[in-house]
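Have a look at the structure below before the remarks.
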Amino acid sequence: MNRLLNLDAAGWRVSLGMLAVRVVVGAAFVFHGWPKIQNPMEWMGPDAPVPGILQAVAAVSEFVGGMALVAGLLTPLAALCLAGTMIGALSYHLNSGDPFVPGPQGGPSWELAATYLAVAVAVLLIGPGRASVDALLFGRPRNYQQAD
């Protein structure tokens, strides 16, 4: 389990950086997911091009995955689910012809989905760090060599 969580690879500087990333991005996912979880099957509206079940999966992924990311609990699973949700969001925006960055008048873009996807992949590859519930639950390997 430690290899999956990368707990043995993160020194304290990396761990504190990952804590900052996890808390900020996880909180953003929670806040994005909260209104969706209130009406999970229809948060995109009645004419949505996405089936209700996929809307519910996205709502749960953002809300629960965001909370898990903040805590650093089952971080690889949370990051994988969030990455999948952001791939779906990214494909929706690209298929809609949205620009990368919104113009001066605002409007939809795929910038945020791409950014959140990059962060989810980074968290998945780097791991939660030592400042996480995963570290408390799964600890360090027996033959741990201090990286700092």
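The values are calculated or read from the model by the stated rules, or taken from the named source; none is laboratory data. Keep in mind that this is a model prediction, so the values were computed, not measured. In this analysis, Cβ positions are derived from the backbone assuming ideal geometry, glycine residues included, and neighbour counts consider all displayed protein chains. Each accessible area value is taken on the protein alone, full model and side chains, heavy atoms only, with ligands, DNA and RNA left out. Shrake-Rupley method; radii C 1.70, N 1.55, O 1.52, S 1.80 Å.
Numerical summary
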item: Cβ-Cβ under 6 Å pairs, at least 6 apart or on other chains, the range 53-76 side under 12 Å from GLY26 (Cβ atoms), far side in a loop (DSSP other than H, G, I, E, B) and open to solvent by 70 Å² or more (accessible area, probe 1.4 Å); result: ALA68/LEU74
item: Flag if THR85 is closer than 18 Å to MET18 by Cβ and of a type in the set (S, T, N, Q); result: no
item: Odd one out for PRO108, checked against (1) out of contact with any Gly (no Cβ under 9 Å at 6 or more places or on another chain); (2) within 15 Å of PHE29 (Cα to Cα); (3) not hydrophobic (A, V, I, L, M, F, W, C); result: (2)
item: Search result, residues across the range 74-88 that are within 19 Å of PRO35 (Cα to Cα), open to solvent by 30 Å² or more (accessible area, probe 1.4 Å) and more than 8 Å from the chain's Cα centre (by Cα); result: GLY88
item: Qualifying positions in the range 74-95 - of a type in the set (A, V, I, L, M, F, W, C) and in a helix (DSSP H, G or I); result: LEU77, ALA78, ALA79, LEU80, CYS81, LEU82, ALA83, MET86, ILE87, ALA89, LEU90, LEU94
item: Matching helices (runs of 4 or more DSSP H) fully within the range 1-73 where at least 2 residues are open to solvent by less than 50 Å² (accessible area, probe 1.4 Å) and modelled with pLDDT of 95 or more; result: 12-38, 52-71
item: Subset of the range 101-130 that is open to solvent by less than 30 Å² (accessible area, probe 1.4 Å) and not in a helix (DSSP H, G or I) - its residue that is farthest from SER61 (Cα to Cα); result: ARG130
item: Filtered residues of the range 101-129 (kept if within 22 Å of ALA68 (Cβ to Cβ), touching a helix residue (DSSP H, G or I) at 6+ places or on another chain (Cβ under 8 Å) and hydroxyl-bearing (Ser, Thr, Tyr)); result: TYR116
